[in-house]
Every structure is written in C-alpha cells, then in structure tokens.
Amino acid sequence: MTGTAAPFGADDYRARMERAARTAADAGLAGLLVAPGPDLVWLTGYAPTAVTERLTVLVLTPGRDPVLVVPTLEAPDAAKAAGTPALTLRDWTDGKDPYAATAALLDSTGRFGISDNAWAMHLLGLQKALPRTSYASLTDALPMLRAVKDEAELRLLAAAGAAADATFEEIRKVPFAGRKESDVAADLSDLLRRYGHSQVDFTIVASGPNGANPHHEVGERVIEHGDMVVLDFGGLKDGYGSDTSRTVHVGEPTDEERRVHDLVREAQEAGFRAVRPGVACQEVDRAARAVIAGAGYGEYFIHRTGHGIGVTTHEPPYMIEGEEQPLVPGMCFSVEPGVYLPGRFGVRIEDIVTVTEDGGRRLNDTTRELVIVN
Ligand code: ZN
Ligand code: ZN
Ligand code: ZN
C-alpha cells in the first residue's frame, strides 16, 4: 500500500467517515474498526509507511467524532494525512495498553464491523478488553461502502485506465518470440510506471499452454512463434487502480485460435452491453457466460466475469452468479470473460467499465481485435 496523491481534502474524508458511520448504524452495528489498508486510505487518506504489530485503528461510531488510535511514534505521520483534520488523533505509547485505550471508545456490548485485514492479535486484544462485544467482517457488513465512485474518483480511475491503455499500445510493439515471459512482464512494469503508476500490482504474461491458467503470473518460459499470450496488468496511479487484459498472438493464428478469441470478444461485448443501472451484478456475468456456453465452451470459462476496482484492484461489487446487488451509476468494475483450454492456450479480454445513468462506459479502449505481435 502506498500513499495516495488523490486530490481529496478533509471535507471529502469527513463526508466519507460520516457516511460510513451512518451506513454501519443502518446495518445494526455500533461502529466500525478500520485497520490500515484500503478502507483506511479511502476514509482518511492515511497509509502508514509500515504496518507493524503496534495497533493503529480508526474508530467510527454513529453520532460521535471519528478517532484514530495510533502509536505515539507514528502520530506525526498520521497528523499529515489529508483526512486527519476531520478526526481526533489519540496516540498510545509503548508500554501502555492500546486495547484499553480503544475499548474506552466503544460500546461495551456492541457489535462492530472490523476490517477484513485487521490482524487477529488486535481483534483478540479487543475481545479480551471487551468480552461482551461481537464483530462482523466490514466487507460483509458494508460491501458497497466504496463501490459507488464520485466524479473525482471516476476521473482518477479513467486516468489509470488510460495509462494502462498507453502501456498496451507500447507493449504490442516489443518483440515477444524468443524472449521469456518475465522479460515482457518487466517491460509491462516499466511502462506502467512510465505512464504514472506508483504501484504495479500484477503483470501477467501467460504464453502458450500457460495461458490456460488464469492466474499464471510470470515464468521463465520462452515465448515461441505461434503462441497465444494473455497479458493482464495493472496497479495504482494516483491512488486509483487499473486492470486490463488483452490476448495477443505471435505471428498468424490458426482458425481455432481466431474463433476462440472472437468468442471471448463477443462475450466481453455482451457483458458490457448488460451494464446499466438497476441490473443485478449477476446479469453481467450471465450475459457474458451465455455467449461462451452457447458456443460449447462453457466449461472452459472458469472464473467470475468481474470485480470492482477503486483504491484497490480487486474489491466489491463482484460480477458473479448469485450476486443480486443492483448496479448503481458510479460503480466501477471489470468485465473480463475468458476461455482456458488446458494444455493448449487461453484467451481473456478485460476492460474496466463504469455504470452511467443509462448504460456503461469503458475506461479501457484499446482494440479488442486479436493483435498480432512479433
Ligand atoms: Zn498459435
Ligand atoms: Zn486483470
Ligand atoms: Zn481483473
């Protein structure tokens, strides 16, 4: 997690914290306990440079001022965060009990939402200090907390998408045949940074049979003439995420490779066209999946169609069967169907899409035709 250069001020963070506390109350919670990570960045702009065993936690309780409990030695850093003017800093010094200090802020019989990535030792410490409290996963309790992006967030996501697109336009010109996957991945990483990313989260280069493994990261395999190569890359630019996939072919593809690529492109288009306000997330998955299943490749599409994106590159909402959450203007997520033929090759095409008032808008717009590389 790196700091965010996002153009948000104390008022933005105050509004986010108020909304989070209100939403928590609506969900029957006495408050939220937010650990360092994406929720804390989104709520306060604060990302500790190193997350240590010392307790840092944002306490949000409906109707009360937010409090950030921090170790004394990290308090000067925390004081610089853009959202800090909208909260009270309460520091604790080594040798003192941080759980007692936090417990003093909490309803002793309440149920609290706690960050999924909070350390178990901190949750255990709080439970020991307040044995009658109970806890729920913050993401389960408030899955849509960060899902609907405001105008400024959408601009940042669009800029991150444009930087990923610029990366693709460059990577398609580099030599593939005879180089290792890891060499092309290093190029991707350099390009993402050159186009403004401060953090690279993944640079998947999955050539030939490796392409049949959707999460194949990068290996030492030497890319050959005739390979399909799945490229999937992204990270954070100015605090907001990019994530795009294109599948390229080294030299002329076979008819089957072209057919499978066309199929995935059609599925991606169908998923995109399903996007509009009020439609359940699962309908986006169904629309993309129906195309692939209709062509007899259903069993080779082995993952959900998409995931949300914001201050992280994977977050709710998920475009998956069973997710009935309706789409709302401002939501941003991937539409990324794929076909994976074990031992042979894979194809995935992925764009980030945002929900508009009457449909969807892509934040990635490089060609979805099969690109031939050298
Ligand atoms: Zn081929
Ligand atoms: Zn991706
Ligand atoms: Zn993705």
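The values are calculated or read from the model by the stated rules, or taken from the named source; none is laboratory data. Keep in mind that what you see is a predicted model, and the values were worked out from it rather than measured. Positions of Cβ are generated from backbone atoms using ideal geometry, with glycine treated the same way; all protein chains shown enter the neighbour counts. Quick note on the areas: whole protein, heavy atoms, side chains included, nothing else; ligands and nucleic acids left out. Shrake-Rupley method; radii C 1.70, N 1.55, O 1.52, S 1.80 Å.
Of note:
- One residue stands out among those in region 41-71 that are among the polar types (S, T, N, Q) and under 20 Å from Leu145 (Cα atoms): the one that is surrounded by the most Cβ atoms within 10 Å (Cβ to Cβ), which is Thr44.
- Subset of region 209-239 [surrounded by fewer than 21 Cβ atoms within 10 Å (Cβ to Cβ), acidic (Asp, Glu) and within 14 Å of ligand 3 (Cβ to nearest atom)]: Glu217
- Checking Val311, Val353 one by one, the residue that is of a type outside the set (Ser, Thr, Tyr), part of a loop (DSSP other than H, G, I, E, B) and within 23 Å of the chain's Cα centre (by Cα) is Val311 and no other.
- Close pairs (6 angstrom Cβ cut-off, 6 or more residues apart or separate chains): at positive phi in region 175-199, open to solvent by 30 Å² or more (accessible area, probe 1.4 Å) anywhere: Gly196/Lys237
- Failed criterion for Ser242 (all others in (1) within 16 Å of ligand 3 (Cβ to nearest atom); (2) surrounded by fewer than 21 Cβ atoms within 10 Å (Cβ to Cβ) hold): (2)
Yes/no matrix, rows are residues, columns are (1) assigned by TED's automatic domain parsing to the domain that holds Gly208; (2) in contact with a helix residue (DSSP H, G or I) (Cβ under 8 Å, 6 or more places away or on another chain); (3) crowded, with 24+ Cβ neighbours inside 10 Å; (4) within 23 Å of Arg276 (Cα to Cα):
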| residue | (1), (2), (3), (4) |
| --- | --- |
| Met331 | yes, no, yes, yes |
| Ser334 | yes, no, yes, yes |
| Val339 | yes, yes, yes, no |
| Gly343 | yes, yes, no, no |
| Ile349 | yes, yes, yes, yes |
| Thr356 | yes, no, no, yes |
| Arg361 | yes, no, no, yes |
| Thr367 | yes, no, no, yes |
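- When residues of region 72-90 are limited to those that are among the small types (Gly, Ala, Ser) and surrounded by 15 or more Cβ atoms within 10 Å (Cβ to Cβ), the one farthest from the chain's Cα centre (by Cα): Ala75
- Test: residue in region 294-306 that is under 22 Å from the mean Cα position of the chain (by Cα), more than 13 Å from ligand 3 (Cβ to nearest atom), among the hydrophobic types (A, V, I, L, M, F, W, C) and surrounded by fewer than 24 Cβ atoms within 10 Å (Cβ to Cβ): yes
- Condition met for Glu324 (touching a strand residue (DSSP E or B) at 6+ places or on another chain (Cβ under 9 Å) and surrounded by 19 or more Cβ atoms within 10 Å (Cβ to Cβ)): no
- Qualifying residue in region 285-297 (condition: among the charged types (D, E, K, R), in a strand (DSSP E or B) and within 16 Å of ligand 2 (Cβ to nearest atom)): no
- All positions within region 157-168 that are in contact with a Phe, Trp or Tyr (Cβ under 6 Å, 6 or more places away or on another chain) and either open to solvent by 20 Å² or more (accessible area, probe 1.4 Å) or not assigned by TED's automatic domain parsing to the domain that holds Glu217 (or both): Ala166
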